[in-house]
Amino acid sequence: MTDIGKFLSDVQKILKHERQNNSGKINYNKISGDLRKLFERSTSCPGELPGSIFEYWENEYVLNSADIENEPSLEHIQKLGAFLGFLDNSDEDQDLITQSDWEQLNQLVNYEAEDMPIEILTELMSILVSKGTY
């Protein structure tokens, strides 16, 4: 199982546990902190960038959902996994990342660039250049 596969499996465990404790429903506010910690722990990328990407995902896809009671949806969980892949220099599920997402990732990387190790910054910038956002 890839790291992203393990991440997605761990997300499903969090969701299952929440459903068991909440009459079959998910209260996103109760699990958001656990999801963020899992995302940040699952990447080898140091610094604030993983947290910034999680916040972007949460604001863009979960909190803006018309169906907030069913969030995070499988589609949105998979997108978060694709963002994890980006952070870890994997092309797994990159087709789930839209051009708008790539542009936002570019902005987040640029904002955090000063505090990142040069080798990680170089890897991320290379991906962003290949996606036409830099």
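Remarks
- On Cα atoms only, tilt of 28-42 relative to the major axis of the chain in degrees: 40
- Within the shell of other residues whose beta carbon sits under 14 angstrom from the beta carbon of G132, the net charge comes to -1, with Lys and Arg scored +1 and Asp and Glu -1.
- Relative to the current alpha-carbon distance between S90 and A113, full extension at 0.36 nm per residue lengthens the span by 6.4 nm.
- Full extension of the chain between N27 and T98 gives 22.9 nm of extra length, using 0.36 nm per residue less the Cα-Cα distance.
- Helix 74-87 and the longest principal axis of the C-alpha atoms of the chain enclose an angle of approximately 30°.
- Residue by residue, the range 88-96 carries 3J(HN,Hα) couplings of 9, 6, 10, 8, 5, 6, 5, 5, 7 Hz when phi is fed to the Karplus relation 6.51 cos²θ - 1.76 cosθ + 1.60 (θ = phi - 60°); x denotes Gly or Pro.
- Estimated vicinal HN-Hα couplings, Hz - the range 46-61 in sequence order (Karplus 6.51, -1.76, 1.60; Gly, Pro = x): x, x, 8, 4, x, x, 5, 5, 4, 4, 4, 4, 4, 5, 6, 10
- Pairs of Lys residues in the chain that lie 8 or more places apart, or on two chains, and have C-alpha atoms under 21 angstrom apart add up to 14.
- Label of the coordinate-derived value, Cα extents along the principal axes in Å, listed as (1) 47, 28, 25; (2) 43, 40, 24; (3) 58, 30, 28: (1)
- Two-decimal Rg/Rh across the range 1-76, once Rg and the Kirkwood Rh are taken from alpha-carbon atoms: 0.96
- The angle between the Cα long axis of helix 3-21 and the longest principal axis of the Cα atoms of the chain comes to about 30 degrees, rounded to the nearest 10.
- Ligands, DNA and RNA left out, the accessible area of the chain computed with a 1.4 Å probe is 45% carbon and sulfur.
- Exposure rank, largest accessible area first [S65, S44; 1.4 Å]: S44, S65
The values are calculated or read from the model by the stated rules, or taken from the named source; none is laboratory data. If you're wondering where the values come from, they're calculated on a predicted model, not measured in any experiment. Methodologically, a virtual Cβ is constructed for each residue, glycine included, from the backbone with ideal geometry; neighbour enumeration extends over all protein chains shown. Keep in mind that these areas ignore ligands, DNA and RNA; they rest on the heavy atoms of the full protein, side chains included. Shrake-Rupley method; radii C 1.70, N 1.55, O 1.52, S 1.80 Å.
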